[in-house]
Amino acid sequence: MPFTKILRYVAVAALGLCVNASVEAQQSQQTQHAQQAVKAAAKRTKPPRVTFHPGLEPRAISLLKGTCARLAAANTMTFTAVVSYESPSRVGPPLVYSTRSEVIMQRPDKLKVVTSGDGLPSEFYYDGKSMMAFAPTENLLAVADAPPTIDRTLEAAYNSAAIYFPFSDVIVADPYKDIADGLKVAFYIGQSNVVGNTTTDMIAYVTGGVFVQMWIGAQDKLPRRIDAVYLDDPAGLRHVLDLSDWRLDAAIPADDFALTKAGDAPHIAFARPDLNDAPAMAPPPRMKQPKTQ
């Protein structure tokens, strides 16, 4: 091939390379412009970040005071409490245990709690003078003298025998006082038409190191669900209390508070059990004890 043709061939090839490089550069520049345009549009349409400032919202406090006042004003009450609580498992994710308690209360000195569910059933009776814990499966009975009020008896039952009811704040004489003592945050969430088969108002609050979400009946002002997480619990385990079958200020026969089926059950000490024998039934960590009125 003549030298001039070789030069002409090389020049044409070089020109082709330059053209391709120019086209690629233009395409890359167009792509960068398109990406920048997309980012700019996204930035313009991105909603402003909302910072939540915790405090005590008046609407949440009003709802909380309303349900507490409704409970405190009742001379008698009966309800069903279903408690579901998480407990660590050997493989990691928590297991869920549940209990069901039928509760009958008359102020100031009558209480009956019959509990069944995951674990051994138990019964608790208080008649103003003595408190009794009955284990029907083992047919064992523990009896002890009791203070003259429900509030003080709840405290004595926990201190002496580790008997704890997750719904204690519902039946004490002044439910709001026990909550307000450590109340730090309270806010309104919205309404639900699912919980309790009725319309409820949802609120959340932090008190005594516990984060609580509560569903309150929009019409009757009664609590229908209470969901609690202990802030110092690294696992964030949940404790859920569902409340139903409410009856307030209904006449309750005196016999309803009497333990009649214990018969000749052997008596045992009214004392704290070995919690290691039944870890699933232990009270939650750093629980809030009922306060003496």
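The values are calculated or read from the model by the stated rules, or taken from the named source; none is laboratory data. None of these values were measured; they are calculated from a predicted model. No Cβ is skipped: glycine too gets one built from the backbone with ideal geometry, and neighbour counts run over all protein chains shown.
Filtered by the rule that a residue be modelled with pLDDT of 95 or more and aromatic (Phe, Trp, Tyr), region 61-96 gives a lone residue, Phe79.
Is it true that some residue in region 210-223 is charged (D, E, K, R) and not in a loop (DSSP other than H, G, I, E, B)?
no
Of the residues contained in region 59-72, none is found to be closer than 25 Å to Asp151 by Cβ, among the β-branched types (Val, Ile, Thr) and part of a strand (DSSP E or B). For region 204-218, residues that are in contact with a Ser or Thr (Cβ under 7 Å, 6 or more places away or on another chain) and farther than 17 Å from Ile61 by Cβ total 1. Just so you know, in region 207-222 the residues that are of a type in the set (A, V, I, L, M) and crowded, with 17+ Cβ neighbours inside 10 Å include one that is nearest to the chain's Cα centre (by Cα), and it is Val212.
Residues that are surrounded by 20 or more Cβ atoms within 10 Å (Cβ to Cβ) and in contact with a helix residue (DSSP H, G or I) (Cβ under 6 Å, 6 or more places away or on another chain) within region 135-169 comprise Ala146, Leu154, Ile163, Ser168, Asp169, listed in sequence order. Between Arg44, Arg49, the distinction of being part of a helix (DSSP H, G or I), among the charged types (D, E, K, R) and modelled with pLDDT under 95 belongs to Arg44 only.
Hey, can you tell me all the residues within region 162-186 that are under 15 Å from Val206 (Cβ atoms) and of a type in the set (D, E, K, R)? Those that are under 15 Å from Val206 (Cβ atoms) and of a type in the set (D, E, K, R): Asp169, Asp178, Asp181, Lys184. Just to be sure, is Arg107 closer than 22 Å to Ala144 by Cα and touching a strand residue (DSSP E or B) at 6+ places or on another chain (Cβ under 9 Å)? Judged against the criteria, Arg107 is a match. Among the candidates Ser130, Ser192, Ser98, the residue that is closer than 20 Å to Lys261 by Cβ and either among the hydroxyl-bearing types (Ser, Thr, Tyr) or within 23 Å of the chain's Cα centre (by Cα) (or both) is uniquely Ser130. Of all the residues in region 224-268, those that are surrounded by 10 or more Cβ atoms within 10 Å (Cβ to Cβ) and either under 33 Å from the mean Cα position of the chain (by Cα) or assigned to a helix (DSSP H, G or I) (or both) number 30.
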